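Shown next, in structure tokens, is the structure this report addresses.
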Amino acid sequence: MKRWAGFVVLLALAGCTTAVSGTARPEPETPPANLALVNPARTASVLTAVKTATEAVFSYDSTAAPAYDKTLADNLTPDARDELAKLFSEIRNSPEPIKLVTRVIVSAAVEQTADKARVLTVLDQSSTRAGTTSKGIASVLLATVREGERWRIGEIKVNPAGTPPAAEKPGAGDRAIARVRDSVRDGAVRAAAALLSVNPADPEGTYARYESVSTGQLLTQFQQGKAARMEQIRSGGVKAAPAPNPAAAVMEIVDDKASVLLFATTDVTDAAGQATKKYLPIVLRLQRLPEGWKAAGIESVQALP
């Protein structure tokens with residue numbers, strides 16, 4: 001699994017024109033509402049600042065509680081401190097010494113303005129208590145605000161659903177880049193809805209949906225051994241359906257390729273009728289085709305070594 005450290009996009013787009021009195025004039029380049037990835041340096045700066053704050057507040061050492069309280073005050077708003085207190089109540093009330101170390105595996109900006117940002121983040125967490133260490137990953141959507149030179153976390157949503165920003169208006173310059181970014185996100189959400197669905201009563205339809213949103217190596221993988229895989233779907237009896245509105249954020253766009261971080265909650269029902277939920281942080285690799293963006297690869301986000 002690739003580890004991600006960069007979150008930049010380099011994209012050159014021609015400006016749109018509007019005919020006025022028989023003369024083509026450039027449309028005014030008013031800024032887009034969502035600045036995520038429009039200015040690569042600013043987005044990278046926000047993500048770096050949020051990464052630092054996140055790793056600090058989601059890490060805890062019971063032997064250094066006063067220092068931790070100062071960390072919370074420095075990096076969280078009062079409302080977010082209340083949210084984290086609820087999340088960490090069991091840890092902070094543990095009768096045994098405990099140490100929790102959190103590292104950001106990958107993150108991407110869902111939405112960004114000059115003073116606010118929403119960042120989708122997948123965390124690697126390692127906790128040690130009574131000589132026993134356990135590991136896991138967690139997905140969170142963080143709403144952050146800028147106060148001076150510091151970005152503070154103002155809201156924490158664990159296993160989040162998505163609230164996509166409003167669609168950008170057509171336009172030139174930065175707005176054109178923002179619309180491409182949004183088309184990438186929409187393509188990823190469509191692809192995930194198909195790729196994460198399984199219907200044992202309709203294996204042919206399940207595979208048709210896989211193929212309709214795939215291209216390149218991923219499409220080749222689906223087409224190889226198709227009959228045997230459809231039989232596995234039919235005989236396995238497991239049904240899976242992703243919940244609507246997954247949280248999704250575009251990581252990068254380079255020419256006709258893009259990467260999207262996406263968190264999906266999937267309802268799974270086994271052959272015996274037992275229902276469970278699966279939480280899936282994934283990265284989709286997309287390719288732009290004449291008919292739109294399609295998935296060229298899908299990777300689950302794994303814990304760090």
Exercise for review: Could you check, for the stretch 164-174, whether at least one of its residues is under 23 Å from A85 (Cβ atoms) and buried (at least 16 other Cβ atoms within 10 Å of the Cβ)?
Suggested key: no
Point to revise | From the options E252, E204, residue that is in a strand (DSSP E or B), open to solvent by 50 Å² or more (accessible area, probe 1.4 Å) and of a type outside the set (S, T, Y) | key: E252
Study note, to complete from the structure: Quick count over the stretch 248-305, residues being under 17 Å from A194 (Cα atoms), of a type in the set (D, E) and in contact (Cβ under 8 Å) with a residue 60 or more places away in the chain, is 1
Check your understanding: Which ones in the stretch 208-242 are surrounded by fewer than 19 Cβ atoms within 10 Å (Cβ to Cβ) and under 23 Å from G292 (Cα atoms)?
Key -> A208, R209, E211, S212, G216, Q217, L219, T220, Q221, F222, Q223
Check your understanding: Taking the stretch 42-55 as the region of interest, how many residues are surrounded by fewer than 16 Cβ atoms within 10 Å (Cβ to Cβ) and either among the β-branched types (V, I, T) or closer than 18 Å to I98 by Cα (or both)?
Key -> 2
**Study point:** One residue from A264, A258 being modelled with pLDDT of 95 or more, crowded, with 19+ Cβ neighbours inside 10 Å and in contact with a Pro (Cβ under 9 Å, 6 or more places away or on another chain)
**Key:** A264
Revision key, fill the gap. Checking A109, A117, A167 in turn, the sole residue that is at pLDDT below 95 and among the hydrophobic types (A, V, I, L, M, F, W, C) turns out to be A167
Revision key, fill the gap. Residues of the stretch 103-148 being under 14 Å from A53 (Cα atoms), surrounded by fewer than 17 Cβ atoms within 10 Å (Cβ to Cβ) and out of contact with any helix residue (DSSP H, G or I) (no Cβ under 9 Å at 6 or more places or on another chain), in sequence order, are V145, E147
Exercise for review: Take the residues in the stretch 86-95 that are over 24 Å from the mean Cα position of the chain (by Cα) and open to solvent by less than 80 Å² (accessible area, probe 1.4 Å), then tell me which one is farthest from K51 (Cα to Cα).
Suggested key: S94
Revision key, fill the gap. Only unsatisfied item for L284, checking (1) of a type in the set (A, V, I, L, M, F, W, C); (2) assigned to a loop (DSSP other than H, G, I, E, B); (3) closer than 29 Å to L123 by Cβ, is (2)
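The values are calculated or read from the model by the stated rules, or taken from the named source; none is laboratory data. It should be emphasised that the depicted structure is a prediction, and the values quoted were computed from it without experimental measurement. Note that each Cβ is placed from the backbone with ideal geometry, even for glycine, and that neighbours are counted across all protein chains shown. Quick note on the areas: whole protein, heavy atoms, side chains included, nothing else; ligands and nucleic acids left out. Shrake-Rupley method; radii C 1.70, N 1.55, O 1.52, S 1.80 Å.
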